[in-house]
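The values are calculated or read from the model by the stated rules, or taken from the named source; none is laboratory data. Just so you know, these numbers come straight off a predicted model, no measurement behind them. A quick note on method: Cβ atoms are made from the backbone with ideal geometry, for glycine too, and the neighbour counts reach across all protein chains shown.
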Amino acid sequence: MTRTLLAWLASFRLRTIFRAIFLLLAIATVALALAVLREEKQQGFEKYQEVFHKTGEQIAARLRHPTGQLALLNPKSGGEQVTPLRPLLLPYAALDFDEQNKVRNAVEMAGCMVQYPQDAGLCVAVGANPWAGAFIYAAGRFASGDLVAHQFGERDLSVAHRVRVHVTLRGQDYRWLAPVELHDNAEVLPGKALRGRLTGFVERDDQDYVYTRPQRDFRGWVWQSAACLPGQPVTPDCPREVFYSIRLPIELLREDLIDKRQPIWPPADLDDIRVHLQVLAPGNETVIFDSNSEDARAPFLLVDLQPLLLPGESLRIRKTGDERAPDLLHMIGGDANAEEISPAALWLIRRLPAEANELKLETREEISTPVGRYELILNGDVRSANRILAGVATRVGWFVGAMLLAIFLAWFLIELGIIRRIARLTRRAQAVQKSISAAHGLEQLNVADLRGGDELGILATCLHDLLRRVREDMSREQIRTEQEKDMWHAVGHEIMSPLQSLLALHADQNDPDQRYLARMQQAIRVLYGSASPSEAFAFSTLQAGRVDLDNFLSEIARNAPSAGIVDVHFAASGKPLWVRADEYPLEDVVTHVLKNADRHRLPGSAITLRVEADESAARVVIHNSGRQIADDMLDKIFEYGVSDQADSAAQGSRGQGLFVARTYMAKMGGTISARNVVDGVVFELSLLRASA
């Protein structure tokens, strides 16, 4: 029952292995993808923590710079349109507006300048120290040809370049018109550097400034470079950079400082102040520069920190010393990529095991400014790395799905085109195999639907033709077997009667002829009634007993001349060497080997016998000098019908001597083998030792 079950399972082995290979390929593809995702998740966690701390350091370093401090002191800026301009709180006590280099370095370092086309810019700000005066500073640059200055005594201000400033605060308007003037009416030389001042007049609607004195606290300076702008052709009237610095006095702000012992600075309504500045060309109202231009670009502000935050991260900024004070800024990182993420990919990644030290991260930094200390609290969540990885997994998932689809498609095509046909061929071959032992003989293999031009179709056609020939050969073999069986019955019957008479004449146990007659009788019994000699030897039964191998080989060597084999040498030890064997079959084995050795040895050379023994086995070594056996025939010479003589049957050699030797040795629990040596061939018979 067990063998039948194993045989039935073995019939599915190749198909099972084939399907298992495709299944393993699919599993390996998925396992590889999961392993890569798990490794990427772990690396993503570690990288995220590293990037998180670097982001905190980067934000803190940026806010410690004057540019960052400017943004920190003006947290509300940037939430609305850039224009009209609103004063910013500088990280300096005040601006030294009288010195070009100092004011330029201050505004550029602070980064408060709003950028305009053609490399123009303007910074509108207030100082951090309220006791430096309630002033609004305006410093900027624009490009222009030679400036036209206002001459002393000239009543018409429009003949010169001038700056118009308009400030709106708490419902009040402050307007100034400041023409460019030179010290002591100095001459303006074309293409030369110029330094002048901006004299501020309160702007009048009638434009009559004859009896108007400039405002004392309005201070302004202007500087024009001597070099042309980069990329411009060098001409006497080429565009050159003009830098200006203005201090605007605001009475309302000054009153706040005078009326209060502890003034609040910067003003609470600083973000509500509106400043509009224009630079006018001489002679008309042509505007060279307008601060309300739609092309204005804001300086760095706190809102510019948001791109640094990853999804799930939050940045809080508050003043230190008061835990209950509201946050100046609370910013949450958004998904800048807005990448489509598969929920399944995100679900899978969240459940992949990874060694995360902590799910929540937090860094704290303190920033010192002229108006106080600020605390930065950056919170992160490593689970945001899952979303980043999920976006990658969503894209890669399509490739993994395509690979799995290709694997299953290949399996389906091969299953349908090959495996299914192989299974059908296997079932039909098994049916033919079962019919071999049936009474009606071998069935015809029907492969008409399996034939074709591919490899399987050719195989099916060849099997069909081969099976047809086998059927014909089996039919002829059955006829020949019946004839041989009848012949063996006749021969055995005719030989057994005279052989019984000879045994009666040589009944003495000491008669040497009686031994050979007994061997003949055993051989007839083995062959009598069998369909073929090979079946007779294969189904024969031996009675293994104890045989003295030393005495047995001595008798063989002594009686060898009687069998036509001369010069057989064996050096007997005189000590019994007991082995498990049946004496007559063992004598047949040795005799067959000696006959083969006699046929192939060199003329005049001897055949030597020797015995090698150990605790468990004894080996008979038979050596003859002569032609060696081909390497590919060392095992085949023991098969039935194999002989080196042409037309062996006609010469009396049927190729069964060594077959009989191997069969008898196997039935006695021994082995026989042949090997080539330098001068000939050695046959080795191995038998189990028997107890003494």
| message | Test of understanding: among Arg610, Arg599, which residue is over 18 Å from Met668 (Cβ atoms) and in a strand (DSSP E or B)? | response | Arg610
| message | Against the definition (assigned by TED's automatic domain parsing to the domain that holds Pro179 and at pLDDT 80 or above), how does Asp271 come out, yes or no? | response | yes
| request: Determine whether Leu301 is touching a helix residue (DSSP H, G or I) at 6+ places or on another chain (Cβ under 8 Å) and surrounded by 14 or more Cβ atoms within 10 Å (Cβ to Cβ). | output: yes
| said: Would you confirm, using the coordinates I've provided, whether Ala94 is in contact (Cβ under 8 Å) with a residue 40 or more places away in the chain and in contact with an Asp or Glu (Cβ under 9 Å, 6 or more places away or on another chain)? | reply: no
| request: Give me a count of the residues in the range 213-253 that are surrounded by 12 or more Cβ atoms within 10 Å (Cβ to Cβ), more than 30 Å from Gly127 (Cα to Cα) and over 60 Å from the mean Cα position of the chain (by Cα). | output: 3
| request: Please name all residue pairs, on different chains or six or more residues apart, with Cβ atoms under 7 Å, provided the first residue is in the range 226-242 and is touching a residue at least 12 places away in the same chain (Cβ under 8 Å) and the second residue is loosely packed, with under 11 Cβ neighbours inside 10 Å and of a type outside the set (Gly, Ala, Ser). | output: Cys228/Val234; Pro236/Pro190; Asp237/Pro190
| said: Against the definition (at pLDDT 65 or above, exposed (fewer than 11 other Cβ atoms within 10 Å of the Cβ) and assigned by TED's automatic domain parsing to the domain that holds Glu46), how does Pro370 come out, yes or no? | reply: no
| task | Using the structure shown, decide if Arg204 is assigned by TED's automatic domain parsing to the domain that holds Leu122, farther than 30 Å from Ala93 by Cβ, assigned to a loop (DSSP other than H, G, I, E, B) and charged (D, E, K, R). | result | yes
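Every residue, every condition in (1) closer than 21 Å to Glu684 by Cα; (2) at pLDDT below 80; (3) outside any helix (DSSP H, G or I); (4) in contact with a strand residue (DSSP E or B) (Cβ under 6 Å, 6 or more places away or on another chain), yes or no:
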| residue | (1), (2), (3), (4) |
| --- | --- |
| Gln514 | no, yes, no, no |
| Ala531 | no, yes, yes, no |
| Phe552 | yes, no, no, no |
| Pro561 | no, no, no, no |
| Ala572 | yes, no, yes, no |
| Pro576 | yes, no, yes, yes |
| Leu586 | yes, no, no, no |
| Thr591 | yes, no, no, no |
| said: Looking at Gly133, Gly127, Gly56, Gly68, can you tell me which residue is without any contact (Cβ under 8 Å) to a residue 40 or more places away in the chain and surrounded by 16 or more Cβ atoms within 10 Å (Cβ to Cβ)? | reply: Gly127
| note | Per the filter on the range 350-367, residues modelled with pLDDT of 70 or more and within 18 Å of the chain's Cα centre (by Cα) are Leu352, Pro353
| field | Top-ranked residue of the range 254-272 - restricted to ones that are within 60 Å of the chain's Cα centre (by Cα) and in a loop (DSSP other than H, G, I, E, B), ranked as surrounded by the most Cβ atoms within 10 Å (Cβ to Cβ) | value | Pro266
| request: Search the range 384-415 for residues being in contact (Cβ under 8 Å) with a residue 24 or more places away in the chain and among the aromatic types (Phe, Trp, Tyr), and hand back the single one that is surrounded by the most Cβ atoms within 10 Å (Cβ to Cβ). | output: Trp411
| request: Tell me which residues, restricted to the range 117-145, are assigned to a strand (DSSP E or B) and charged (D, E, K, R). | output: Arg141
| field | Residue within the range 668-677 that is touching a Pro at 6+ places or on another chain (Cβ under 8 Å), modelled with pLDDT of 85 or more and within 17 Å of Leu542 (Cα to Cα) present | value | yes
